[in-house]
Amino acid sequence: MKKIALFLFAMMICGIASAQFAGGMRGQQQEPLPDGYKPSSTNTFLAQYPAVNAQTRQAIFKVVAPHADNVALDLAGKKYSMTKDEKGVWTVISDPQVVGFHYYAILIDSVPVMDRNTDSFFGSNWESSGIEIPEGPEGDYYRFNKSIPHGQVRSLYYWSEINGMERHCNVYVPAEYESNPDKKYPVMYLLHGWGEDENGWSNQGHMANIMDGLINAGKAVPMIVVMDCGDIKTNSDVRKASTNDVTQIYINDLMPFIEKTFRTKNDRQNRAMAGLSRGGFQTTQTVFANLDKFAWMGTFSGFFSRPGQDVTETFNGVFKDPAAFDKQMNLLFISTGTEERTPKEAVDALKAHGIKNIVYHESQGTAHEWLTWRRALNEFAPRLFK
């Protein structure tokens, strides 16, 4: 009886495993992919589609929805009608896309849903599917390099007295951190943009790969990178999230937690802050109000000033005395994509006013997107703490 019971149990387990495997493969084509196409790097395990052609920069999408009347792809601001076959599989080939990361959704009878064939990415204030249109070798700086040592991205929770709730942050420590127990490290606080969260820099931005490569090559000083949630946990409506609350959280809750938890250098010369888009604005609000705590800052698509405004009057007059500003701020790094609204006019005005410790960087051919911000981080990090 015991042998029979064990046999039946084994058969049950095999049946569950087969069902799970079949579910994972449902909708996947077993025939070879079309010439030139490979599964997207963002796909879940075993998923063949979406499939990307690196040469044409097109992608094929397939969705199993046998009972749907209409299925469409919403990608890069365009909706594509998908075609249904006799098995209930809907297919479409996209137009050529610009290289880099793209959010997308599947519309099933006009209802937007995630494509379960890809990992999920939090963007525009909801969980989305994502696809990467690959660059050539010029994108190797943000790809995983198996030949070099790698740091860790640690997930931590801390308590905020400011808004009375538990908060989550991700913290990157360099590869050498555990092997140098007596060494202390400078810290860069790295902020995400509107409608995203603290996972964006790790998942969409490939921050760890960028930092690993820079540190291994001797281009960047080994440092700790802290990625906190800048929007969602401060207000239920992300559009109304209070910048002042976020600033207070960073200064009074997050920084003390990091400096108590990790081996950090706790002076302004060893603290930097940078952020993308809204995170860039939050960086200016935080750093300019706390110049006694930061000596380095960067804004990626996030240096905002009103057209025609006297640059010396912006940010409560922090630039009025150029010599005083340069004495306090070792680096003001301002980056943007050439295909988005640029702050070059404001940067030129600051330089003409006498600000010297300012660097302006443009990402050629990119807009308000993750490829712009990966390139910005790759240019910003090597300039810190030197």
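The values are calculated or read from the model by the stated rules, or taken from the named source; none is laboratory data. Keep in mind that this is a model prediction, so the values were computed, not measured. Reconstructed Cβ throughout: ideal geometry from the backbone, glycine too, with neighbour counts over all protein chains shown.
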Answer yes or no as to whether PRO222 is crowded, with 23+ Cβ neighbours inside 10 Å, modelled with pLDDT of 95 or more and in contact with a Pro (Cβ under 7 Å, 6 or more places away or on another chain).
no
Would you say PHE294 is in contact with a strand residue (DSSP E or B) (Cβ under 6 Å, 6 or more places away or on another chain), of a type in the set (Phe, Trp, Tyr) and in a loop (DSSP other than H, G, I, E, B)?
yes
Can you say whether GLU345 is out of contact with any Asp or Glu (no Cβ under 9 Å at 6 or more places or on another chain), surrounded by fewer than 21 Cβ atoms within 10 Å (Cβ to Cβ), in the same structural domain as ARG271 (by TED's automatic domain parsing) and at pLDDT below 95, as far as the supplied structure shows?
yes
Just one of GLY302, GLY275, GLY280 is within 26 Å of ASN199 (Cα to Cα), in a strand (DSSP E or B) and assigned by TED's automatic domain parsing to the domain that holds ASP182; which is it?
GLY275
From the list GLY151, GLY130, which residue is in the same structural domain as LEU46 (by TED's automatic domain parsing) and among the small types (Gly, Ala, Ser)?
GLY130
Residues of the range 202-226 being without any contact (Cβ under 8 Å) to a residue 60 or more places away in the chain and more than 13 Å from GLN152 (Cα to Cα), which ones?
ALA217, GLY218
Among the residues of the range 126-136, is any in contact with a strand residue (DSSP E or B) (Cβ under 7 Å, 6 or more places away or on another chain), exposed (fewer than 13 other Cβ atoms within 10 Å of the Cβ), free of Cβ contacts under 8 Å to residues at least 60 places away in the same chain and hydroxyl-bearing (Ser, Thr, Tyr)?
no
Only residues that are under 19 Å from the mean Cα position of the chain (by Cα) and in contact (Cβ under 8 Å) with a residue 40 or more places away in the chain: list them for the range 76-101, please.
VAL98, VAL99, GLY100, PHE101
With the condition kept exactly as written, say whether any residue in the range 87-103 is in contact with a helix residue (DSSP H, G or I) (Cβ under 7 Å, 6 or more places away or on another chain), of a type in the set (Phe, Trp, Tyr), crowded, with 17+ Cβ neighbours inside 10 Å and part of a strand (DSSP E or B).
yes
Could you tell me which of the residues ALA47, ALA72 is aliphatic (A, V, I, L, M), part of a strand (DSSP E or B) and over 21 Å from the mean Cα position of the chain (by Cα)?
ALA72
Options THR372, THR366, THR312; residue that is surrounded by 21 or more Cβ atoms within 10 Å (Cβ to Cβ), in a helix (DSSP H, G or I) and in contact (Cβ under 8 Å) with a residue 40 or more places away in the chain
THR372
Scan the range 363-386 residue by residue and report those that are among the aliphatic types (A, V, I, L, M) and farther than 20 Å from TRP194 by Cβ.
ALA381, LEU384
Being closer than 18 Å to ASN70 by Cα and among the small types (Gly, Ala, Ser), is that true of even one residue in the range 98-114?
yes
Inside the range 104-124, can you point out the residues that are crowded, with 17+ Cβ neighbours inside 10 Å, free of Cβ contacts under 8 Å to residues at least 60 places away in the same chain, assigned to a strand (DSSP E or B) and of a type outside the set (Ser, Thr, Tyr)?
ALA105, ILE106, LEU107, ILE108
